Amino acid sequence: MIPLLALRNFAYRPWRSALLFLGYGMGVTVMIVLLSIGEALITQASDERLVGGGDVTVLPEGLDVEVMKTGGLGGLFFSIGNARFVYSQILASPRLARDVRAVAPQIEDKLVYLRTRDGAERTVRASADVPSATRAVGAAPELLAGRWEDDAGDRRWARPTPAELRHDIDHFHVPSDSTGDLSTWAEWHYFNVLSHDERRWAFVALIVSGDVPAGRHAATFTVTLREQGGATRRFAAAVPAGEVRFSTSDADVTAGAASVTVLPDGRYAVRGRATAEQGTGTVDVDLVVSPAAGAYLPSASRGTDDSFGYVVPGLRASASGRICTDGARGACDVYDGAQSYHDHNWGVWRDVTWEWGASRAGQYTVLYGRVHPAGAPASGPLYVYLVDSLGFLGAFRPPRISYEDGRQIAVNGRPLRVPSRATMVDVRGDDTLRIAIDVDDAIGTDFSGMLGGEGRGDAARAAPPGAQPYFIQMKGRMTLEGRVRGVPVRGTGAGFFETYR
């Protein structure tokens, strides 16, 4: 009876019946898919190769989870660069404190090689985490015996003191044999300081250059003093290798009477004496530079051998102390909480030029830059890095920096047009940024005979054919406007900028 009624009902209303059958079929299909997904989730949740705990797992863009699980070729060298910066400045940042309860960095089944005392080499799987952080996200393993607590290394990685952070990111490097011409290697601490009236400033650098592994290296302590619209005085002191001390495990450097030392509270003590490069006279530097918390750029390097690298431990800093010229006959510039900046560079800098700038803009601090071979047209977007009182705020990639060469200076008696204004604009999703720089002062260094300034590179070299031989250092004011994370940003402040002509 039921089959007969069904057939007659279908013949009486065929389209309605077909629609009902289609809906029923779709419902069954969706149910099957949902059950399959649920089963897959249960299977993956119990997979020993997947990291557990927490509500969200963060992985690099483009990583195939199945490759990570199965150990395919694409996952052999999986790693996250500057993982500590990602952890502290992004995921565990105070900026996200209302939304993120806990963050746990974890490494699962990393391929490592174990070499025994008898020379045998074995492949092993290694995992690592910070116990307190893993426990906070609910992923702590069942402990059968013993203790599972943070050790000194865990604490230093996750919660370093200011001094430990400086040493970890600001230490020196030793070039490898594959770096290239090691005679062109250079590495240096660089500081600048601006007077409160923004009319006087100093560039200070302690540079180690040459073939460090072979011991054929030396150090130079350089100071450039400038008064806006006035004269520029440059001082330098050369120090032989035997009087140079630096380390790959800490940021302290000593070269004769010059030194950069990280104090126990994370501030830098910068001291040194140098003589005038032209004429007579001396300069004595005695400064303490205090980086603002969270205002730093992590280490960035090019090449597996660290052949080129850059880190900014003090993007926003203040300086106190004095810089005195010509001993008892001269005068001292005294600084008390003056605007300052500190970065650290290393690598083979032959035939390299750049666009660079660091400036305050009200409550914000901006760093921008791009590096390219000398003599070649600038290509690729610039990198703009933005911080505020909570640390990292955003990153932008303006396609170009537009200069207006409305100023004229003299370099070695020759007139040279240099920038009077520069602008950069970028839009990234809902975020926008516009930067305008008005140049107050500029000085030029002729690279056709030597590379000078504050010592960025070889002590002396000929410029390659077709290169832009003039290194332009500018001081000016930056105006920042835009919107970041849905909040308007605006500010203006002083900074220093560099380019080539």
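What follows draws every value from the coordinates through simple rules; no lab data is involved. Bear in mind the structure is a predicted one, so any value in this text is a computation, not a measurement. Here Cβ is always computed from backbone atoms with ideal geometry, including for glycine, and neighbour counts include all displayed protein chains.
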> So how much slack lies between A257 and S127, counting 0.36 nm per residue of separation and subtracting their Cα-Cα distance, in nm?
Replying inline: 42.2 nm
> Calculated FRET efficiency, T423 and D109, Cβ-Cβ r, R0 41 Å, to nearest 0.05?
Replying inline: 0.25
> Debye sum, Cα scatterers, region 219-287, no solvent: what log₁₀ I/I(0) at q = 0.14, 0.19, 0.21 1/Å?
Replying inline: -0.49, -0.80, -0.91
> Quick one: which of 280-286, 200-206, 167-173, 229-235 comes out on top by average Cβ neighbours within 10 Å, and what's the full order, highest first?
Replying inline: 200-206, 167-173, 280-286, 229-235
>> Ratio of alpha-carbon Rg to the 2.2 N^0.38 Å globular estimate for region 389-453, to two decimals, please.
In response: 1.53
> Based on the Cβ-Cβ distance from V174 to E61, what FRET efficiency comes out when R0 is 41 Å, to the nearest 0.05?
Replying inline: 0.80
> Given a Förster distance of 41 angstrom, what is the FRET efficiency for R159 paired with V30, based on the Cβ-Cβ distance and rounded to 0.05?
Replying inline: 0.30
> What percentage of all Cα-Cα pairs in region 164-348 are separated by more than 31 Å?
Replying inline: 15
> For region 306-429, treating each Cα as an identical point scatterer without solvent, what Debye log10 I(q)/I(0) comes out at q = 0.09, 0.12, 0.19 1/Å?
Replying inline: -0.38, -0.68, -1.27
>> Using a 7 Å offset from the Cα along the Cα-to-Cβ direction at both S249 and D336, what is the distance between the two label points in nm, to one decimal?
In response: 4.1
